[in-house]
Structures are given as structure tokens and as C-alpha cells.
Amino acid sequence: MAVPPTQPARTVTAESAVPTHAPRSSALLDVVLGLLVAVALPLAIVAIPNTISVVAALLPPGVSQVEMIRAHGLALPSMVVTVPLAAILVRRMRPAPLLMGGLTLLALADAAGGYADSALVVGILRGAHGIGAGLLIPATLVAVWERPRVLRAVWAGMLATSLLAAQALALWPLDEATSWRVTLQPYPLLTGIALVLAACHLVLSLRSGESGTASSEQGTAERGRLLMAAVPSVGVALLAVGVTFDWSAGLVVLTALLAVVALLGLASAGAAEGTGGRTLAYTMVAVGAVILPTAAQVTYVELGGLGGPGLSGLWPAFVLAGIGALAAAVLVNRMDGAAVPMTTAAGLVAVVIGLCSVRFLLPSPDGPVLIAPFVLLAAGAAVALTSALRLSGVGSSLFALALFFPAVLGGFLLGSGIQVSRLKEATSSQGLVDGFVRALHLWALFGGGLVVVVIVLCALLARRAAAATGSGRAAANGTDANGTDAKGAGGSSAEGDGAEGRDTRPGEGVGADPTRGAGGGSGTDTLPRVSSGAGPAGAPVSTEQAATERTTAERISPPAAVERAAEETEDPKGTEDPERVPGRGAGAGPRDGGGRRLPDGSRPPAEETGPGPVVPPPMPSPEDADGPGGH
């Protein structure tokens, strides 16, 4: 009987959550994208603070200050609503055109800001700033996700730095300003530089062959999660507009707390990828709700008019904090994947320590004192974000980002409510200063408590995941005879890159029988595969590939024929390694004869261990015989 030739197994790599056109990039494209991230993220975040009250004295006499403050505050609500919709859009097209669109909108809003003359126009332009920024941030995230992983660390470090310095960057152009319109066009030159970098990125990405889109990788479930995140985003945005109509401080604090709790609940219910997705969503909510509102209050308290060093005395602390955030993010990116879950918690702990230092060290008339809290806040946020991003895929990262800006808005509302409640008690200039300081200290307690809650939630998730993984391993040990490589529910890769889209095939462990069909062993559906040792065992394949392999294996090597042929052609002396025999693992029992040992350790009789049986010569064909039956 002829033995069918053994077909080499196809090496099928796991589908990555990163779009397939990512790996072929040039170093120049990476450098341009890194510079674009370093410029675009601060431009987007600096649109958040509402600074019109600082130049209220420069407003025309007929313009209502309350209406102007309300109109100028529309940037963040517009950004909150835009981000989840932009996240859906950026998964259906390349990020480079979206980056160009967002920066172009920012540039147009900056140019038109010099002609604003009413609260209505201010509201439209600030809304345009928010929409442009809302397009930029998801686009930069997906753009760096398609590049080497170190750019994700740069993205996280720049986001943390931008959050810390946003209020100071928004106030810097207002020093000695002669027109209130400067609040609508704070950095037009930087916007032009970002546009040039975005154009270079677009050209280089097209030349490098990045012609595919991510639309095939965005499923209905992912779009549903992003749309679900848009619902609380709209609610928080409407809440932010509503509190400007004389809400009481207590009601503002209560609604802001409820909004943050709702975001944490949505992070638990809507995050994908198990522990990794939820950890990132929790981290985004905590960082968004704490860092920028804290930095904004610290910046106001440390202004020269309130006894602090002023903006010029704050910049050394901001620069060192930015360098520390980038360095910490890059360092975490180079760490071993097994330590990543711990570094997420360590980053959040650093944020808590930074909030404690705000509580006990500030206010201070000396700028160097601010280095410690600023470095702790920025570096801790960068470490937490970088680690959490490594635990999840791009879809879960966009969902977490959709919760990030509602958390920023919720943190601002909570801080504003606390400030108003403390400033009402002031009856003098010194009373106002003391009210700002008391509000800052109370806010530091609220923010620290929120981060501690998130740390506890992440720890509980990690504990549940470890217990589930242990149960899965125990179940796998019970089915090792069939080669099942089971994985406990909730277990996730420590590296986490490309966590989405992986299709793990059960039953293809190290000792799996390559000729076993569906329904064998422990009841798992193990696809038949004839292997010659090429390619990794248990490599995930898609459903169509699995069906093709099943059909091919059944056509070229019927299981019964292969087993019978293998038994007939085995080494007669029994010297082969049982682990190398196809379909026989190390645990296979001894066979009779052929030099095999019996269960008691002894060898069979001597005649069975000698030379193999003599093969008789071929019998003559009956047609050639000369006997009575011959012709």
C-alpha cells in the first residue's frame, strides 16, 4: 500500500489588531510622525481651557461676560462628542487624511478668530476648535499604532505632558495681551508647523505603500461600543452647558460625581479584551478626570498675583515634568511584558503620591518646589497609560479614549463645584486666595480617592483573571492526553499588542494528534492537520483556512490509511523515538514485539528481538506459470 506523502503544515500567523499595512515603514516616516504627535497633541489639548475670563476687561462694553464665558467653554463639550465619532471614522479610513482635516479646521478657526465680534461667533469658532481637536487625537493614536511600538510610548508621554501644561500654555499668550481675541488664536505659528508635518506624513505614508484601510478590522461590536460611549459623552457635554445657568455648587458636585461613576460603569461593561481592555478604560478615566483639572488649579494658585512664582517660574517644573514623562514612557515600553500589569498600578500610585504632594507642599512662592508634584503627576500618568496601552488592542484603546474626554469634563465640573463652594465664603482679596488654596487641597483629596478606587478595581480584575487562568490551566491538565491547550477565561497576554482579532484554535497543544478529527478526545473541535514539523504548533487560523485544511487533509491522507501505513513501515527493530512517530505522543503505550519493552520493564522473547523476518521473494504471476492452470 502506498503511503500518501506527508504535506508540510502551513505556517499561519495570528491576526494582529494592527492594520496589515503597518510593518513596511521607513525611519523617516516614523520621525515625521513622532514630531507630528509632539506638536499636534499640545495643540489639541490647549483648546480645552476656558481663559476668556482672564481678559474680560478687554471685552467690548456691549458684550455680556457671562455669555462670552459660556460660548468660550464650548470647545471641550464639542471635543467630547467628536472623539467617539472620529474613532469610528478613523477605523474606516487611513489616519493621515483625518489628521490633515483636523489641523485644517484648527487653522481655519484660528484665522477667523481675529474677526470674531460676538458671543455667537465665539461659540462657533470654539466649537470648531473642539471638533478639530477631537479629530486629531484618535487619528494620532491609530497612526502611532500602525508604527513601531515606541511611538505609542511617545504618544502617551506627550498626552500626559499636554494635560499637565495645557492651562499654562493657554495662559501664556495672554500675558500683556492687548486684545481679547488672542484667546481664539493662541498659537497660529505652531498650527502651521503641524499642518506642514501632517502633509509630509500624508505623502510619506502614501509613498510607503500604506494603501489599505482598517475597515475590515472594525466589527459591529466595536462600532457598537464606540456608539455606546457617545451616549454618556453627549450627556456630559449637555451637563457642562447646563451648569453655566446658575446651578448650585452642591448640585454641580453631585452630578459630576455621578458622571464619573457612570463612566467607570461603562468602562466595566463596554471594554473588550477582558482584563486588558478594562484596565485601560479605568486608567483613561482616572487620568482624564485628575491630571488636567489638578494642573489647572495649581497653575492659577501659583500665578504671581496670588503670591506664587508666576508662569515664568513654573516653566522649569513643566519642562522637567515633560522630559520625565517621555523618558518614563519609553522605559516602560522597553520592559518585559510580564511586568506590564504591575507598572500600570505603579504609575497610578505615583499619581496619588503627586496629589499628596500637592496637598502638603503647595502653595509655594518658589518654582522648584513644584518639580516634585509635576514630575510625579506627569510621569505617573505616562507610565500608567503606556502600560495599559500594551495590554490592549487598538479597538479597546479607541473605546477608552472615547471615555477619556468625558472624564476630563467631569473632573473640571467637580473641581469647579468645589471651587465655587469655597469662594462663596470669601469676603476679601486674601479670602479669595485662601478659598482657591482650600479648594485645591480638597480637590487633591477627591482626585486621590478616585485614583485609589481605580487602583483597587484594577487589582480586583487582575486577581479574577489570575483565578480564571488557574482554573483554565487545571482544566487543560485534565485533557492533556488529547493535547488540548485550554486558556482560562479572562486570561490575557501580558504583551497585549494586537490582542484583538486573535482566533485561538482549541485542541492544538504540543501533544495534539495531528490526525484527530472533530469530536475526538475531550470534545473540542480539533481540526485535522498533517504536520512535518514546519511552523508553530497551534498557530491560529481563520475559519476559511481551517475548512481548507480539513478538506485537504481528508483528501490526501485518510486517517485510517495513514495509521495502517505507518504501522507497516515502522522500524522493525523498534529504535524510533515514540515522540517522533506521527500521531503518537510521549505518553503512548508500548507495542508488542519489535524491541519494545513490556510494562514490567523486561524485553519480549529473544526471537522477537532478533533480525526482522525474511521477506519471501515475489510470487510468479499466475499468467506466467506453466502449471495446469496456465495458458
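The values are calculated or read from the model by the stated rules, or taken from the named source; none is laboratory data. All values reported here derive from a predicted model rather than from experimental measurement. Using ideal geometry, Cβ is built from the backbone for each residue, glycine included, and neighbour counts are taken over all protein chains shown. The accessibility values were calculated without ligands, DNA or RNA, using every heavy atom of the protein model including side chains. Shrake-Rupley method; radii C 1.70, N 1.55, O 1.52, S 1.80 Å.
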*Probe 1.4 Å, all protein chains present, accessible-area order of Trp172, Trp247, Trp180, Trp315, largest first*: Trp172, Trp247, Trp315, Trp180
_Cα centroid separation - the range 391-411 against the range 68-125, whole Å_ = 19
*Under a 5 Å amide H to amide H cut-off, with H placed in plane at 1.01 Å, what residues pair with Asn50 once short-range neighbours are removed?*
none
*Residue by residue through the range 236-250, which ³J(HN,Hα) values in whole Hz follow from phi under the Karplus form 6.51 cos²θ - 1.76 cosθ + 1.60 (θ = phi - 60°), with glycine and proline marked x?*
5, 5, 5, 4, 5, 6, x, 5, 6, 9, 6, 6, 6, 4, x
*Which whole-Hz couplings ³J(HN,Hα) result when phi for each residue of the range 127-139 is put into the Karplus expression 6.51 cos²θ - 1.76 cosθ + 1.60, θ = phi - 60°, listed in order with x for Gly and Pro?*
x, 5, 4, x, 5, x, 5, x, 6, 5, 5, x, 5
*Tell me, what ³J(HN,Hα) does each residue in the range 330-340 have, in order and in whole Hz, if you take phi through Karplus 6.51 cos²θ - 1.76 cosθ + 1.60 with θ = phi - 60° and put x for Gly and Pro?*
5, 5, 5, 4, 8, 6, 5, x, 5, 8, 4
*the range 332-395: relative contact order as a whole-number percent, Cα under 8 Å and 6+ apart*: 51
*Please work out how much accessible surface Arg147 shows to a 1.4 Å probe, ignoring ligands, DNA and RNA, in Å² rounded to 10.*
20
*If you place +1 on the Cβ of every Lys and Arg, -1 on the Cβ of every Asp and Glu, and leave all else neutral, what size is the dipole of the range 33-136 about its Cα centre, to the nearest 20 Debye?*
420
_Candidate residues Thr299, Thr104: accessible-area rank, largest first, probe 1.4 Å_ = Thr104, Thr299
_Rounded to whole Å, sorted largest first: equivalent-ellipsoid semi-axes of the range 317-414, Cα gyration tensor_ = 25, 18, 11
*Amide H to amide H under 5 Å from Gly393: which residues, 5+ apart in sequence or cross-chain, H placed 1.01 Å off N in plane?*
Ala499, Glu500
*Round to the nearest 10 and report in Å² the accessible area of Ser421, as given by a 1.4 Å probe over the protein chains' heavy atoms.*
40
